[in-house]
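Asks: Quick one: this structure, given as structure tokens, is what I'll be asking you about.
Laboratory data are not the source of any read-out in this text; all were calculated from the coordinates shown. Computed from a predicted structure; not experimentally measured. When we count neighbours, we look across all protein chains shown, and the Cβ atoms used for this are built from the backbone with ideal geometry, even at glycine.
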Amino acid sequence: MLRVQVLLLAVSFLCVPPHSWASGETASAPDDASPVVAAPRHALHVLDEHGLAFQAQFVHDWSKNLSSGSDADYGFGRYSFDLFANIDSQKSLGFAGGTGVARLKQHINEFGWTDVGASQVLSNIDASSRTTLYELWWQQQWMAGKLRLKGGKIDANTEFAVVENGADFLNSSMGFSPTILAFPTYPEPQPGGAIFVTLPHTYGVGLGVLRSTMGTMSIAEPRVRWALGEGELRGHVTTGYWRIDGDMAHFGGHSSSVTQGWYQVIEQGLWRSRRAASNGSIASFLQLGSAAKDTNVFTDHLGCGFVWTAPLSSRPNDGLGVAATWVQLTTVPAAGFDYPNELVAEGYYKLAINRHFSFVSDLQFFRHPGGLRTRPNVAVFTPRLVVSF
């Protein structure tokens with residue numbers, strides 16, 4: 001039923017005239033628009049005026065192993081659907097600086113299976129089928145956003161270890177370092193709280209305490225931002241330290257009460273078009289990470305990539321990206337790896353059809369997937385449809 005509804009929404013958006021696609025705006029509804037369509041739009045507008053706004057996103061992946069006959073002819077299909085409800089405290093409660101979010105998520109493995117055997121996750125929507133209250137949090141800001149408190153059920157990767165230029169890549173390691181053990185992010189965020197302080201001269205720090213599947217996670221992340229070339233080429237560096245207090249099982253059969261590690265993200269704009277009508281730009285990112293070999297599959301991580309926005313001047317919202325992510329696997333014999341590392345190279349092209357629809361063509365190559373010599377290198381092609389409304 002959900003897919004039928006999404007299809008109907010897709011048809012309605014695709015009926016927007018092509019000239020509106022180019023401008024990134026939807027056409028105005030005609031004066032004689034059907035009441036069936038006008039009434040919900042009016043109701044949503046009224047709710048928005050009172051501080052309650054809704055958003056939704058539908059993501060559908062289809063993956064095909066290009067290197068192995070073990071993959072079924074039809075590959076592997078799955079989708080993820082998110083529904084957001086956002087509350088603005090100024091409009092709804094009469095005081096400024098407050099924001100609340102409730103986020104429902106449904107993920108379904110529709111058909112097939114693509115057996116890559118990799119340690120780094122092929123798609124950032126891969127998970128067991130589930131319908132859940134994904135996030136439920138409130139945040140309050142003071143001093144023009146320089147101080148922010150946030151609490152509730154939080155996706156930690158929306159606040160910590162964020163790779164801003166990695167958002168359109170599919171492999172999960174492009175979004176955050178896999179060395180962060182039991183990170184409370186997709187597919188199941190956890191309750192917690194965080195405080196964020198922005199200091200003068202673009203310095204800042206984030207501190208968080210969140211529940212994780214292995215205990216209590218504490219994170220500290222200082223941040224520095226800058227701009228080069230008359231402010232056009234923006235960059236930043238974040239360096240994070242994390243620690244989990246709980247009952248940690250070691251690969252050798254022992255246990256400990258603490259494990260910890262660190263990560264770093266560096267991003268820098270490299271070029272921006274000077275033409276007023278162009279969105280063209282090139283940016284880069286670098287990821288580093290390290291963790292203890294006794295408790296973590298991934299002991300070291302190095303990732304880097306480049307993103308080109310508007311590679312074609314006639315398509316200002318398209319994007320192209322290339323990246324690689326390398327992990328050192330634990331050498332503890334009980335972990336079962338007979339090859340010490342895994343490398344993934346990824347490239348994509350994002351076709352922005354209009355403000356509601358985009359289509360990503362993604363290709364990944366896995367070298368020594370899963371750290372086993374018996375597994376051959378594989379290439380996986382994944383088209384992704386993203387519908388936002």
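Asks: Note the angle between two axes, namely the Cα long axis of helix 35-49 and the longest principal axis of the Cα atoms of the chain, as a number of degrees from 0 to 90, rounded to the nearest 10.
Replies: Tilt relative to the chain: about 70 degrees.
Asks: Moving to a separate point now. Mind checking which lysines have their C-alpha under 26 Å from Lys293, skipping anything on the same chain fewer than 8 residues away?
Replies: Once the sequence-local lysines are set aside, nothing remains near Lys293.
Asks: A further question on this structure: Along the Cα→Cβ direction, 7 angstrom out, place labels at Ser256 and Arg373. What is the inter-label distance in nm?
Replies: For Ser256 paired with Arg373, the spin-label model returns 3.0 nm.
Asks: Something else about it: Which value results when the Cα radius of gyration for the chain is divided by 2.2 N^0.38 Å?
Replies: Here the Cα radius of gyration is 1.05 times the empirical estimate.
Asks: Rounded to the nearest 0.05, what FRET efficiency is calculated for Asp245 and Leu286 with R0 set to 35 Å and r the Cβ-Cβ distance?
Replies: 0.75
Asks: If you don't mind, there's one more thing I want to ask. Pulled fully out, how much extra length does the chain show between Asp115 and Leu351, if you take 0.36 nm times their separation in residues and subtract their Cα-Cα distance?
Replies: Contour length minus Cα-Cα distance gives 82.2 nm.
Asks: Expressed as a whole percent, how much of the Cα-Cα distance distribution for the range 96-210 exceeds 21 Å?
Replies: The proportion of pairs with Cα distances above 21 Å equals 47 percent.
Asks: Compute the FRET efficiency between Trp271 and Phe389 as 1/(1 + (r/R0)^6), taking r as their Cβ-Cβ distance and R0 = 30 Å, and round to the nearest 0.05.
Replies: 0.40
Asks: A further question on this structure: Tilt of helix 2-14 relative to the longest C-alpha principal axis of the chain, in degrees (0 to 90, nearest 10)?
Replies: Approximately 50 degrees, to the nearest ten.
Asks: Hull surface divided by four, with the convex hull built on the Cα atoms of the range 263-357: how many nm²?
Replies: Directional mean of the projected Cα hull area for the range 263-357 stands at 8.0 nm².
Asks: For Lys350, go through the lysines and keep the ones whose alpha-carbon is under 30 Å away, minus same-chain ones fewer than eight residues off.
Replies: Result set, ordered by chain and number: Lys64, Lys105.
Asks: Calculate, axis by axis, the spread of Cα positions in the range 191-273 along the three principal axes, and write the results as whole Å, longest axis first.
Replies: Reported extents, whole Å, longest axis first: 55, 27, 17.
Asks: Which value in nm describes the separation of the simple spin-label points at Glu188 and Ala102, placed 7 Å from the Cα toward the beta carbon?
Replies: My value for the distance between the label points is 2.2 nm.
Asks: On to the next question. Per DSSP H run of n ≥ 4, the term is -39500 (n - 2.57); total these for the chain, divide by its residue number, and report the mean residue ellipticity at 222 nm rounded to 500 deg cm²/dmol.
Replies: The per-residue figure over the chain is -3000 deg cm²/dmol.
Asks: Sequence-distant or interchain residues sharing an amide H contact under 5 Å with Leu66, placed H: which?
Replies: Placed amide hydrogens put Ala379, Val380, Phe381 under 5 Å from Leu66.
Asks: So if each residue of separation counts as 0.36 nm, and I subtract the Cα-Cα distance between Ser67 and Gln55, what length gain in nm does that give?
Replies: Answer, rounded to one decimal: 0.5 nm.
Asks: Return, ordered by residue number, the residues of the range 126-143 whose backbone nitrogen is under 14 Å from a label point located 7 Å along Cα→Cβ of Leu83.
Replies: 131-135
Asks: Continuing with this model, one more query. Between Ser128 and Thr216, what's the calculated FRET efficiency when r is the beta-carbon distance and R0 is 30 Å? Round to 0.05.
Replies: The computed FRET efficiency comes out at 0.75.
Asks: Also: Which lysines, if any, have their Cα less than 22 Å from the Cα of Lys146, not counting same-chain residues under 8 positions apart?
Replies: Lys91
Asks: Right, something else. Using the Cα centre as the reference, give the magnitude of the dipole from point charges on the C-beta atoms of the chain (Lys, Arg: +1; Asp, Glu: -1; all else neutral), rounded to the nearest 20 debye.
Replies: Using Cβ point charges on Lys, Arg, Asp and Glu, the chain gives about 460 debye.
Asks: Express in whole angstrom the spacing between the alpha-carbon centres of the range 130-159 and the range 83-106.
Replies: Measuring centre to centre over Cα atoms gives 10 Å.
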